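Chemist: Before we start, here is the structure in question, set down as structure tokens.
The values are calculated or read from the model by the stated rules, or taken from the named source; none is laboratory data. From a predicted model like this one, the values you see are computed outputs, not experimental measurements. Don't worry about glycine lacking a Cβ; one is built from the backbone with ideal geometry, like all the others, and counts go over all protein chains shown.
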Amino acid sequence: MIKIWTGATDTDWNTAGNFQTEAGAATTVPTTGDDVTIQGAVNIETSLDGITALLGSLTVLQSYIGTIGGHAAGIDEPLEIQATVLEIGNYEQYGSPLGSGRIAIANTAATQTTTIFNSKNSAIETQLPPIRLYLKGTTACTVHAKKGRILLTDNSGVGAEAAAEIDIVHSAFVSSPDSDVQLSIQNGVTLGAIEQTGGDLKVACGTTSYDVLAGTTSVTGNGAHADLNVSGGQVAYNSNGTITALHVGNASSIDFTKDTRAKTVTACTLAAGATVKADTNVTWTGGLDLDPNVKIENITLEGFTGVTLSV
């Protein structure tokens, strides 16, 4: 059943009078299997903890200009839900409605898929993006970011939940591959894979697989990256984390020089048109290898000394 948040009575999720059906009739507080749409301008501020009903979906329309979750003393107090599908910033019609200045949601459904279509450009808390998600999918958790300013963060300080667990993050774009998505993933998030076909990403946690096809990336923190494939775009590796396998493709670049901490790359292969900037703080355990039929004059290396290059 589809239930619409109106906030007609107060700001409490657990008040039945705050919801109506699509036809505008009175209804009950959402229960397991219900689909909930949040619209209008009324904040959701109270009864933030432990909504135990497993929702079929939760949709926050881009026209919604209220706030979800609280924020006090620099700490978010997110709306804690369980929803198999979470959609934020979806359009009911063409145009650019304002959106919400704070959407702080903790989703602990075992299997969940989150899609962010858009966000407001600025947040109420100016040091943070308007969308902050605390996600823990113990079976499967997928995030699709198409446009907006977004933070994926560790939810270990939220209620009794453990650290955030995300299987895969897809970062794309609508019109501008470099700026439509501004996504930060904090240290402490357990993350499997990133597939980046657009966006400006700041990644502070480790990954099992990271494919950069377009956009820009700043890798920070000290997380390990098992497989980093830069086949498009630009990566600034401002981290002391290790890279087990690095591949840099045509017209792509990776820059290790902005962070002076020691770092290790076990294996590295380069395609024609690849650019790598390094310094003496990088240890290349297996040296550098060129892809088949690539010549030394086809790549750009800066700052390398005493590194074995296999051609």
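Chemist: Hey, can you tell me all the residues within region 166-213 that are more than 23 Å from Tyr134 (Cβ to Cβ), of a type in the set (Asp, Glu) and in a strand (DSSP E or B)?
Modeler: Result: Asp211, single match.
Chemist: Something else about it: Looking at region 188-200, is at least one residue out of contact with any strand residue (DSSP E or B) (no Cβ under 9 Å at 6 or more places or on another chain) and over 27 Å from Gly273 (Cα atoms)? Walk me through it before giving the result.
Modeler: Narrowing region 188-200 to residues out of contact with any strand residue (DSSP E or B) (no Cβ under 9 Å at 6 or more places or on another chain): 188.
Filter once more, keeping what is over 27 Å from Gly273 (Cα atoms): 188.
Taking every residue of region 188-200 in turn, at least one turns out to be out of contact with any strand residue (DSSP E or B) (no Cβ under 9 Å at 6 or more places or on another chain) and over 27 Å from Gly273 (Cα atoms).
Chemist: Let me ask something else. Which members of region 222-251 meet the condition of being assigned to a loop (DSSP other than H, G, I, E, B), closer than 15 Å to Glu195 by Cβ and more than 18 Å from the chain's Cα centre (by Cα)? Before the answer, list the steps.
Modeler: Filtering region 222-251 down to residues assigned to a loop (DSSP other than H, G, I, E, B) leaves 222-224, 231-233, 238-242, 249-251.
From what is left, the residues that are closer than 15 Å to Glu195 by Cβ are 231-233, 249.
Ser231, Gly232, Gly249 - these are the residues of region 222-251 that are assigned to a loop (DSSP other than H, G, I, E, B), closer than 15 Å to Glu195 by Cβ and more than 18 Å from the chain's Cα centre (by Cα).
Chemist: A follow-up question, please. Is it the case that Thr11 is of a type in the set (S, T, N, Q), in contact with an Asp or Glu (Cβ under 7 Å, 6 or more places away or on another chain) and closer than 22 Å to Tyr134 by Cβ? Full working, then the answer.
Modeler: Values: of a type in the set (S, T, N, Q): yes; in contact with an Asp or Glu (Cβ under 7 Å, 6 or more places away or on another chain): yes; closer than 22 Å to Tyr134 by Cβ: yes.
Against the criterion (of a type in the set (S, T, N, Q), in contact with an Asp or Glu (Cβ under 7 Å, 6 or more places away or on another chain) and closer than 22 Å to Tyr134 by Cβ), Thr11 qualifies.
Chemist: Does Leu151 satisfy the condition of being within 13 Å of the chain's Cα centre (by Cα) and hydrophobic (A, V, I, L, M, F, W, C)? It would help to see each step written out before you state the result.
Modeler: Values: within 13 Å of the chain's Cα centre (by Cα): yes; hydrophobic (A, V, I, L, M, F, W, C): yes.
The answer is yes for Leu151.
Chemist: Is it the case that Ala214 is under 24 Å from Val181 (Cβ atoms) and of a type outside the set (S, T, N, Q)?
Modeler: Values: under 24 Å from Val181 (Cβ atoms): yes; of a type outside the set (S, T, N, Q): yes.
So Ala214 fits the description; yes.
Chemist: Quick check on region 84-99: of everything there that is at pLDDT below 95 and surrounded by 15 or more Cβ atoms within 10 Å (Cβ to Cβ), which residue is farthest from Ile51 (Cα to Cα)? Let's see the steps before the verdict.
Modeler: The first filter runs over region 84-99 and keeps only residues at pLDDT below 95, leaving 89-99.
Still in the running and surrounded by 15 or more Cβ atoms within 10 Å (Cβ to Cβ): 89-90, 97, 99.
On the way: Gly89: 22, Asn90: 23, Pro97: 29, Gly99: 24 Å.
So the residue we want is Pro97.
Chemist: Restricting attention to region 282-299, and to residues there that are β-branched (Val, Ile, Thr) and closer than 23 Å to Arg261 by Cα, which single residue is nearest to the chain's Cα centre (by Cα)? Break it down stepwise before answering.
Modeler: Keep residues of region 282-299 that are β-branched (Val, Ile, Thr), which gives 282-283, 285, 294, 296, 299.
Applying the additional criterion that residues be closer than 23 Å to Arg261 by Cα yields 282-283, 285.
Working: Val282: 28, Thr283: 29, Thr285: 31 Å.
Restricting to residues being β-branched (Val, Ile, Thr) and closer than 23 Å to Arg261 by Cα, the top hit is Val282.
Chemist: A further question follows. Report, by residue number, each residue of region 209-225 that is touching a Phe, Trp or Tyr at 6+ places or on another chain (Cβ under 9 Å), farther than 10 Å from Val265 by Cα and not β-branched (Val, Ile, Thr).
Modeler: Ala214, Gly215, Ser218
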